[in-house]
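Each remark here refers to the structure printed beneath this line.
The values are calculated or read from the model by the stated rules, or taken from the named source; none is laboratory data. Every value quoted in this text rests on a predicted model; they were computed, and no experiment measured them. Here the Cβ positions follow ideal geometry from the backbone for every residue, glycine too, while neighbour counts run over all protein chains shown. Side chains are part of the model used for accessible areas, which takes the heavy atoms of the whole protein and leaves out ligands, DNA and RNA. Shrake-Rupley method; radii C 1.70, N 1.55, O 1.52, S 1.80 Å.
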Amino acid sequence: MIENLIFDLDGTIVNSYPLFIESFIAACKKNGIDAPEDRNAVYRLLKITVPDAYRILGGEEKVDYDKFYADYVETYSKDYRNQPGFAQTIELIQNAKKAGKKNYIYTHTGPVAKEVLANIGILDDFEFVLDASYPFPMKPAPDALLFLAEHCGLDPKTCLMIGDRPIDAIAGMN
């Protein structure tokens, strides 16, 4: 039986992709990378991963990834804390807690994740927030989820990973 819900943050709880798209395009322009004009095409690239989108667009030929990523983060960080939540996901989180389930976060977003959750009024609905400040490989590697299970005393058979990208599902299966 599912007792523990582990949520991704971006694209699952908060509607951060419009900001991510604009930030990715700005980082591309700043670094001489040709980004698609079509925002939906950029969205589809980002739904894979940012590093994959960078590689697909030939970013390696223009700029070091760390520099590119720093420019991307600098742009979206200005407005990130105030991202709106998805009403249906917030309702799911709150109803799960009322039903005695436990909610957790596993996100590639840094410590600002707690501020985002607080701003939309649901930080207290989570038992633990596992963010990018922990030194784990990125999804779909299972390392962070295995740490979460051990740290919080969870039986992985009672956990469900909920996210918006294939890497979330694969991480959960791994």
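Could you tell me whether any residue of the range 18-36 is of a type in the set (Asp, Glu) and either more than 24 Å from residue 162 (Cβ to Cβ) or touching a residue at least 24 places away in the same chain (Cβ under 8 Å) (or both)? Yes: the range 18-36 contains one or more residues that are of a type in the set (Asp, Glu) and either more than 24 Å from residue 162 (Cβ to Cβ) or touching a residue at least 24 places away in the same chain (Cβ under 8 Å) (or both).
Would you be able to say whether some residue in the range 53-61 is acidic (Asp, Glu) and over 17 Å from the mean Cα position of the chain (by Cα)? For the range 53-61, residues acidic (Asp, Glu) and over 17 Å from the mean Cα position of the chain (by Cα): present. Looking at the structure I just gave you, is residue 16 crowded, with 20+ Cβ neighbours inside 10 Å, small (Gly, Ala, Ser) and over 21 Å from residue 140 (Cβ atoms)? No: the conditions fail for residue 16. Return yes or no: is residue 54 open to solvent by less than 20 Å² (accessible area, probe 1.4 Å), of a type outside the set (A, V, I, L, M, F, W, C) and free of Cβ contacts under 8 Å to residues at least 24 places away in the same chain? The answer is yes for residue 54.
Scanning the range 1-41 for residues that are of a type in the set (Ser, Thr, Tyr) and either in contact with an Asp or Glu (Cβ under 7 Å, 6 or more places away or on another chain) or under 21 Å from residue 90 (Cα atoms) (or both) turns up 12, 16, 17. Listed here are the strands (runs of 3 or more DSSP E) enclosed by the range 57-174 that have at least 1 residues being in contact (Cβ under 8 Å) with a residue 60 or more places away in the chain and open to solvent by less than 70 Å² (accessible area, probe 1.4 Å): 102-106, 159-162.
Of all residues in the range 1-8, one or more are within 28 Å of residue 159 (Cα to Cα), outside any helix (DSSP H, G or I), open to solvent by 40 Å² or more (accessible area, probe 1.4 Å) and at pLDDT below 95. For the residues 135, 166, 140, the requirement of being modelled with pLDDT under 95 and in contact with a helix residue (DSSP H, G or I) (Cβ under 7 Å, 6 or more places away or on another chain) singles out 140.
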